[in-house]
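Enquirer: Just passing along the structure, written as structure tokens.
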Amino acid sequence: MTTETDSPSIFSRIIAREIPATILAETDRVIAFPDIAPKAPVHVLVVPKTEQYRNVVELAAGDPGLLAEMIEVADSLAAELTGGDFRLIFNTGQGAGQTVFHVHAHVLGGGLEEGSLG
Ligand code: 5GP
């Protein structure tokens, strides 16, 4: 279990190639790889390379362009992997299920139940 004080974060260790992951997309500022415990047929994490923002609220306030870049990466991966449609989730805070306090988007797609948020 990670905590709010983990640094470098597990995702920074993936970005540094200290922990293996299949890199699906990478730009100067963003990286994407499959979630290790997928909750849908397609479950990708899109992560900014900086770990300075703990959640999407901090990111939106601090660097909205970086948030937009994450969404562009999510969109192009979904075009490749799900035919275009996808669900984007930012768990924000421990009570909402956030376990890694290095902001990341969950991109879910493929065989999602219609109307379901689960
Ligand atoms: P959160 O619960 O913070 O929104 O999402 C963290 C996600 O990171 C979880 O869905 C979890 O399965 C994923 N995760 C945790 N450790 C690793 C890892 O070492 N590699 C990968 N690919 N995903 C991880």
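Read the figures in this text as sums done on the coordinates, not as results from a lab. Computed from a predicted structure; not experimentally measured. Note that we place each Cβ from the backbone using ideal geometry, even for glycine, and neighbour counts take in every protein chain shown.
Enquirer: Over the chain, what relative contact order in percent results from Cα pairs under 8 Å that are six or more residues apart?
Expert: 31
Enquirer: Here's something else I'd like to know. Just to confirm the filter: which trypsin sites (Lys or Arg not before Pro) across the stretch 1-54 are DSSP coil and have at most 15 other Cβ within 10 angstrom of their Cβ?
Expert: Hits after loop and neighbour filter: ARG17, ARG29, LYS39.
Enquirer: Round to the nearest 10 and give me the degree value, 0 to 90, for the angle of helix 64-81's Cα axis relative to the longest principal axis of the chain.
Expert: So the inclination is approximately 40 degrees.
Enquirer: At what distance in angstrom do the alpha carbon centres of the stretch 31-62 and the stretch 75-118 lie from each other?
Expert: Computed from Cα coordinates, the inter-centre distance equals 9 Å.
Enquirer: Cut-off is 10 Å between beta-carbons; in what order do LEU88, LEU108 appear when sorted fewest neighbours first?
Expert: Sorted ascending by nearby Cβ count, the order is LEU88, LEU108.
Enquirer: Also, quick follow-up: Which residue fluctuates most in the GNM of the chain (Cα springs below 10 Å): VAL44, VAL57, VAL100?
Expert: VAL57
Enquirer: Between PHE90, PHE11, PHE101, where does the largest GNM mean-square fluctuation fall for the chain, given springs only between Cα atoms within less than 10 Å?
Expert: PHE90
Enquirer: Answer rounded, prolate or oblate for the stretch 68-118, using the Cα gyration tensor with square roots of eigenvalues a ≥ b ≥ c: rounded when a/c is under 1.5, else prolate when a/b is larger than b/c, else oblate.
Expert: oblate
Enquirer: Oh, and also: Just from its helices, what would the mean residue ellipticity at 222 nm be for the chain, if runs of 4 or more DSSP H residues each count -39500 (n - 2.57) and the sum is divided by every residue, rounded to the nearest 500 deg cm²/dmol?
Expert: On the way: 3 runs with 31 residues, N = 118.
Computed ellipticity for the chain at 222 nm equals -8000 deg cm²/dmol.
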